[in-house]
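I have a structure I would like to understand better, so I am pasting it below and will then ask my questions one at a time.
The values are calculated or read from the model by the stated rules, or taken from the named source; none is laboratory data. Because the structure is a prediction, the values reported are computed rather than measured. Cβ sites come from the backbone with ideal geometry, for glycine too, and all protein chains shown count toward neighbours.
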Amino acid sequence: MSDFIYILAGLVKLIILIFFKQVNTLDDLQFQPFSIMELLNKNTVDPLFLYPLSLINIFELGYFLILAWLLVGVINETNGERPVKFGKSLQLVTTSYGSGLLLWVVLVMFITLNLN
Amino acid sequence: MRKYYKGIIIAIISVIGGFLTYQVIEGYNEKKEAEKNVQVLPDISFNSISGSPVNLHDFDQTLPLIIVYFHPECEHCRYEAQEIGQNADAFNHCQLVMVTPDDSLQRVENFCSDYHLWELDNCEVLLDTKNRFQKVFGKAIIPSVYIYATNRKLITHFLGETKSEAIINATNNTFTKH
């Protein structure tokens, strides 16, 4: 269910591309709305950091929060005797999904560095 | 038993993550170091076709220096050499140095003949038999172009296939930038 936020991210990107952004080159398509990268000048940032900075965005943050929120319901449904709170669920998401994401980012940086 | 497997999986992931992180930091530092090194023409020698060593500083200091890193078997390099050959007159005011890591002399000679590079007086083809170019210039992709002004400071560099117009424009700027 929480994956739907990425569809929303895609829709927002599509709307921005259609109505608010002029696309001249393929490079113009490579942006992530509401990310830290959008606050910086792309030309001054090392290509190595483009992906990590694009990944820090509102939708990714929303995914963490929604996943943790939905997980509270699932855990409490199966384990009613020891209900968990949102904070504990968020901690679980951060250690599992967060560490996987971190490993993925490092892998992408490694590939970027060796292919460039 | 479950805890044992969990520990092994965490250890494997940590080792992979640690290795990748180390490689990224190391590679980034090397890249930055190389970027710093090439700001001024590095003191580096390659072999000429005849086998004698030629230093990049040996060329006429009154002309801008264009270093093209290429490989005869690379399709993009063929296009670039063709562009240079066709626009030879536009490069008259600079010194062209073509550096290749290819170890086949025959292939390099054929390449130069095919694109009439021998006919250019201001073009020198050098062999990087010990792969020193990439050590000094960083992970230069093939083809790469480095343009130095007459004071041997880097004006600009292009990674990948580059149109001759872009190179000519950059060399024209060298006269105003130093």
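Collect the residues in region B:1-49 that are more than 9 Å from chain A (Cβ to nearest Cβ), closer than 30 Å to A:Phe49 by Cα and among the hydroxyl-bearing types (Ser, Thr, Tyr), keeping them in residue-number order.
B:Ser14, B:Tyr22
While we're on this one: Can you tell me how many residues in region A:4-43 are in contact (Cβ under 8 Å) with a residue 40 or more places away in the chain and not hydrophobic (A, V, I, L, M, F, W, C)?
Of the residues in that region, 1 qualify.
Among A:Val72, A:Val45, which is among the β-branched types (Val, Ile, Thr) and under 30 Å from B:Ile25 (Cα atoms)? It would help to see each step written out before you state the result.
Values: A:Val72 fails: under 30 Å from B:Ile25 (Cα atoms).
Every option except A:Val45 fails the conditions.
Within region A:76-99, identify whether any single residue is over 20 Å from A:Tyr6 (Cβ atoms), outside any helix (DSSP H, G or I) and β-branched (Val, Ile, Thr), and answer yes or no.
yes
Tell me which residues, restricted to region A:85-100, are farther than 18 Å from B:Val15 by Cα and of a type outside the set (Phe, Trp, Tyr).
A:Lys85, A:Gly87, A:Lys88, A:Ser89, A:Leu90, A:Gln91, A:Leu92, A:Val93, A:Thr94
A:Phe59: in contact with a helix residue (DSSP H, G or I) (Cβ under 7 Å, 6 or more places away or on another chain), within 29 Å of B:Glu30 (Cβ to Cβ) and not polar (S, T, N, Q), yes or no?
Working: in contact with a helix residue (DSSP H, G or I) (Cβ under 7 Å, 6 or more places away or on another chain): yes; within 29 Å of B:Glu30 (Cβ to Cβ): no; not polar (S, T, N, Q): yes.
So A:Phe59 fails the test.
I would also like to ask the following. Assuming B:Val68 fulfils every condition listed in (1) in a strand (DSSP E or B); (2) more than 24 Å from B:Ser50 (Cα to Cα); (3) touching a Pro at 6+ places or on another chain (Cβ under 8 Å) apart from one, which condition is it?
Failed condition: (2).
So for region B:50-67 (the condition being of a type outside the set (A, V, I, L, M, F, W, C) and either surrounded by 19 or more Cβ atoms within 10 Å (Cβ to Cβ) or within 14 Å of chain A (Cβ to nearest Cβ) (or both)), does at least one residue qualify?
From region B:50-67, those of a type outside the set (A, V, I, L, M, F, W, C) are B:50-53, B:55, B:57-58, B:60-62, B:64; that's our starting set.
Of the ones still in play, those that are also either surrounded by 19 or more Cβ atoms within 10 Å (Cβ to Cβ) or within 14 Å of chain A (Cβ to nearest Cβ) (or both) are B:64.
Scanning region B:50-67 turns up at least one residue that is of a type outside the set (A, V, I, L, M, F, W, C) and either surrounded by 19 or more Cβ atoms within 10 Å (Cβ to Cβ) or within 14 Å of chain A (Cβ to nearest Cβ) (or both).
Something else about it: Please tell me if A:Ser89 is surrounded by 16 or more Cβ atoms within 10 Å (Cβ to Cβ) and over 30 Å from B:Ser144 (Cα atoms). Lay out the reasoning, then the answer.
Numbers: surrounded by 16 or more Cβ atoms within 10 Å (Cβ to Cβ): yes; over 30 Å from B:Ser144 (Cα atoms): yes.
Yes, satisfied.
Would you be able to tell me the number of residues in region B:130-159 that are at pLDDT 80 or above and either over 17 Å from B:Arg78 (Cα atoms) or not assigned by TED's automatic domain parsing to the domain that holds B:Val97 (or both)? Spell out how you get there, then give the answer.
Filtering region B:130-159 for residues at pLDDT 80 or above gives B:130-137, B:141-159.
Filter once more, so that each one left must be either over 17 Å from B:Arg78 (Cα atoms) or not assigned by TED's automatic domain parsing to the domain that holds B:Val97 (or both): B:130-137, B:146-157.
The qualifying residues number 20.
Could you identify the single residue in B:Leu117, B:Leu127, B:Leu159 that is hydrophobic (A, V, I, L, M, F, W, C) and either farther than 22 Å from B:Asp58 by Cα or within 14 Å of chain A (Cβ to nearest Cβ) (or both)?
B:Leu159
Right, here's the next one. Within region B:70-116, which residues are more than 18 Å from B:Ile142 (Cβ to Cβ) and polar (S, T, N, Q)?
Result: B:Gln86, B:Asn87, B:Asn92, B:Gln95, B:Gln106, B:Ser113.
Please determine whether any residue of region A:81-95 is within 14 Å of another protein chain (Cβ to nearest Cβ) and without any contact (Cβ under 8 Å) to a residue 60 or more places away in the chain. Can you show your working first?
Initial filter on region A:81-95 (within 14 Å of another protein chain (Cβ to nearest Cβ)): A:95.
So of that shortlist, the ones also without any contact (Cβ under 8 Å) to a residue 60 or more places away in the chain come out as A:95.
Yes, the conditions are met somewhere in region A:81-95.
Could you please let me know if A:Ile5 is more than 14 Å from chain B (Cβ to nearest Cβ), within 22 Å of A:Val105 (Cβ to Cβ) and surrounded by 15 or more Cβ atoms within 10 Å (Cβ to Cβ)?
Values: more than 14 Å from chain B (Cβ to nearest Cβ): yes; within 22 Å of A:Val105 (Cβ to Cβ): yes; surrounded by 15 or more Cβ atoms within 10 Å (Cβ to Cβ): yes.
Yes: the conditions hold for A:Ile5.
Report every pair of residues separated by at least 6 positions or lying on different chains whose Cβ atoms are under 7 Å apart, first residue within region A:44-62 and of a type in the set (A, V, I, L, M, F, W, C), second outside any helix (DSSP H, G or I) and surrounded by fewer than 16 Cβ atoms within 10 Å (Cβ to Cβ).
A:Leu53/A:Leu40; A:Leu53/A:Val45
Considering region A:1-58 alone, what residues qualify as being in a helix (DSSP H, G or I) and of a type in the set (Asp, Glu)? It would help to see each step written out before you state the result.
We begin by selecting, within region A:1-58, every residue in a helix (DSSP H, G or I); these are A:4-20, A:26-29, A:36-39, A:42-44, A:47-55, A:58.
Scanning region A:1-58 gives A:Asp27, A:Asp28, A:Glu38.
Determine, yes or no, whether B:Thr162 is in a loop (DSSP other than H, G, I, E, B) and modelled with pLDDT of 85 or more. Show your work before the answer.
Details: in a loop (DSSP other than H, G, I, E, B): yes; modelled with pLDDT of 85 or more: no.
The answer is no for B:Thr162.
Oh, and also: Within region A:55-73, track down each residue that is surrounded by 12 or more Cβ atoms within 10 Å (Cβ to Cβ) and farther than 16 Å from A:Ile5 by Cα. Break it down into steps so the answer makes sense when it comes.
Of the residues in region A:55-73, the ones surrounded by 12 or more Cβ atoms within 10 Å (Cβ to Cβ) are A:55-72.
Listed by number, the list holds a single entry, A:Val72.
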